[in-house]
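In what follows, a single structure is set out as structure tokens and then discussed.
The values are calculated or read from the model by the stated rules, or taken from the named source; none is laboratory data. The structure displayed is predicted, hence computed values, not measured ones. Cβ sites come from the backbone with ideal geometry, for glycine too, and all protein chains shown count toward neighbours. We work out accessible area using only protein heavy atoms, side chains counted, and drop any ligands, DNA or RNA first. Shrake-Rupley method; radii C 1.70, N 1.55, O 1.52, S 1.80 Å.
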Number of protein chains: 2
Amino acid sequence: MTTDSKNRPIGVFDSGIGGLTVYKALREALPQEDFIYLGDTARLPYGTKSHETVAAYALQAAQLLLEHDIKLLVVACNTASAQALPELRRAFPDLPCLGVIEPGADAAVAASHSGRIAVLATEGTARSGAYVEAIQRRSSAVEVQVLACNLLVALVEEGWCDGAEAEVILRRYLHRLEEGFDTLVLGCTHFPILAPMLRKIVSPSISIIDSAVTAAQAVREYLQSFGQLAPSSQVGSCHFLVTDGPERFERVARLFLNEDIAGKITQVYLRQR
Amino acid sequence: MTTDSKNRPIGVFDSGIGGLTVYKALREALPQEDFIYLGDTARLPYGTKSHETVAAYALQAAQLLLEHDIKLLVVACNTASAQALPELRRAFPDLPCLGVIEPGADAAVAASHSGRIAVLATEGTARSGAYVEAIQRRSSAVEVQVLACNLLVALVEEGWCDGAEAEVILRRYLHRLEEGFDTLVLGCTHFPILAPMLRKIVSPSISIIDSAVTAAQAVREYLQSFGQLAPSSQVGSCHFLVTDGPERFERVARLFLNEDIAGKITQVYLRQR
């Protein structure tokens, strides 16, 4: 492989904004890499949409990122990871595609002593059964419960993550879980923003798994094992592509990144069918 | 005009599900009419998206409904009414297009004695300034405040409309309004579902305006004045078109209509650009 191929950017695809938690973890793990982040803000959220629609959207997104000559595609969205990875790998056999569910499952199985794991997710991720399948493939005796928590995405995007609203909503969702789990997986990229409030509510003995961090480690290991890391002397960059106007993305991104990304955002168009 | 033209269906367009409150009011006001309801469920919600994107989506939806030979288009979505009506009227000059904002403004101005009106809306509707403009065109001295309440759509779709979560969230939003208003407009089609909880929270002296009911009256008056009402001896029907899979639409529609619409839903595709 040539140096050239190492210097190609990493593509990060998300339904919109939440994947910025994954991008942030990637940038910390891989500061030398260039990134192109594509957020499908004109059609977000994916969490309440059907398998067929999410898979079609993901294929369009991957096609566009391939035109930017990416060396690897990170599917940062849990819903798209759950619903579209097989389709992506079939459609683009030469493009390495990594999702966030397998790394999250790895970390959850490693953390759990009781063999009982709970996952908070979107409706689409829960319906797909992807977390149950990924966790039980690693350890068939583990009991997994996956809870759809559709309100949490809007809650995080409103910025209401540490007040009475977040607490009453999280308590109502958590009340639906059967007790006895010792590991709680944040199975949607928005949910790490709620981790401090969750930490206050659940028992201190429960491990909270943020799949953004574990996914970034998996990407690093993958690139390393194939000799595809960019030279560590470099300082990477990121450009953001969004399908809706950039104003709201820029504003909400501040909640996720604590930085101003104005001037780094370009609007693009994805075609439905 | 021929009898034929009277018997054509009324098209109802919404970003997805919330417009069913408008459809329900229309069916009650006009039981003899046939309806075709188009919900853009693959791209909902519109409330957080840009003017340009919402206008493009609305034009595609109107084009598809025109292929069903509609006699009138009701834009049931407040955000699309606020952002896309001028574009729709320019693109389809022969198609009567009625939105939900003008009727809501009529009812609000008629209800207010203090001349101070508050509107709860989506981010897109608030940003558009459409309610302020429509209300002040009717009565320039009226003070209007419009509050973006993005969480409420997800709250209603989760079915959490009468518990502690709805109360704490509504109280936080209402706290942002300046006091002194005597009329509260529900400027998003999802919000009428929250009217009972709002009624418990706000002073009994405040009038709550549901623009679904006023929009249905406006449609009835329009058809009557142009001699376009279907014969009252008929019993109308409705067919539902959705851009995502029908399962979730069918489920959430039960919250809005209290009836089962399975078997009346067809998936269709709208093209972006």
query: Once phi is turned into ³J(HN,Hα) by the Karplus curve 6.51 cos²θ - 1.76 cosθ + 1.60 with θ = phi - 60°, what whole-Hz value does each residue of segment A:201-209 show in order, with x for glycine and proline?
result: 8, 8, 4, x, 7, 8, 7, 9, 9
message: With a 1.4 Å probe and all protein chains kept in place, how much accessible area does A:Arg127 have, in Å² rounded to the nearest 10?
response: 120
- prompt: Residues with beta-carbon under 15 Å from that of B:Ile208, excluding B:Ile208: net charge, scoring Lys, Arg +1 and Asp, Glu -1?
  reply: +1
task: Over the protein assembly as shown, average the accessible area per residue using a 1.4 Å probe and give it in Å², no decimals.
output: 38
query: For chain B, with only Lys/Arg (+1) and Asp/Glu (-1) charged at the beta-carbon, what is the dipole magnitude about the Cα centre, in debye rounded to 20?
result: 260
message: As I understand it, the value is the acute angle between the Cα axis of helix A:51-66 and the longest principal axis of the Cα atoms of chain A; what does it come to in degrees, rounded to 10?
response: 30
query: On average, how many beta carbons from a partner chain sit within 10 Å of the beta carbon of a residue in B:49-55?
result: 5
field: Shortest-first distances to equivalent copies, position B:Gly180, nm, label 7 Å out along Cβ
entry: 6.0
- request: Please compute how much accessible surface disappears when A pairs with B, both sides summed, using a 1.4 Å probe, and round it to the nearest 100 Å².
  value: 3300
query: Could you give the dipole magnitude of segment A:30-163 about its Cα centre, charging the beta-carbon of Lys and Arg +1 and that of Asp and Glu -1, in debye to the nearest 20?
result: 460
message: As a check on your reading of the symmetry: which chain B residue has its Cβ nearest the axis that brings B onto A, and how far is it in Å?
response: B:Ala154, 2
- prompt: Which whole-number percentage describes the relative contact order of chain A, with Cα contacts under 8 Å and a sequence gap of 6 or more?
  reply: 27
- request: Among the lysines, select those whose C-alpha is under 26 Å from the C-alpha of B:Lys49, and discard any that sit fewer than 8 residues away in the same chain.
  value: A:Lys24, A:Lys49, A:Lys264, B:Lys24
query: Separation of segment B:199-273 and segment B:75-99 by C-alpha centroid, Å?
result: 16
- request: Quick one: which residues, 5 or more positions from A:Val242 or on another chain, have an amide H under 5 Å from its amide H? H modelled 1.01 Å from N in the peptide plane, none for Pro or chain starts.
  value: A:Gly39, A:Thr266, A:Gln267, A:Val268
- request: Apply the Karplus parameterisation 6.51 cos²θ - 1.76 cosθ + 1.60, with θ equal to phi minus 60°, to every residue of segment B:13-22 and state each ³J(HN,Hα) to the nearest whole Hz, in sequence, with x for glycine and proline.
  value: 10, 9, 5, x, 10, x, x, 5, 5, 6
statement: The relative contact order of segment B:145-262, taking Cα pairs under 8 Å that sit 6 or more residues apart, comes to a percentage of 22
message: Quick check: the distance between the Cα centres of segment A:109-179 and segment B:1-37, to the nearest angstrom?
response: 40
- request: Can you list the distances in nanometres, one decimal and ascending, from the B:Lys200 label point to the identical position in each other copy, with the point 7 Å along Cα to Cβ?
  value: 2.4
task: Taking a label point 7 Å out from Cα toward Cβ, give me the nm distances from A:Arg138 to the same spot in the other copies, shortest first, one decimal.
output: 5.8
- prompt: Given the options B:Gly115, B:Gly263, B:Gly236, which has the most mean-square fluctuation in a GNM of chain B, springs set between C-alpha atoms less than 10 angstrom apart?
  reply: B:Gly263
statement: Checking rank on A:27-35, A:150-158, with mean other Cβ inside 10 Å and highest first, the result is A:150-158, A:27-35
query: Among A:His175, A:Leu155, A:Leu186, whose Cα lies farthest out toward the positive end of the dipole of segment A:101-211, if unit charges sit on the beta carbon of Lys, Arg (+1) and Asp, Glu (-1)?
result: A:His175
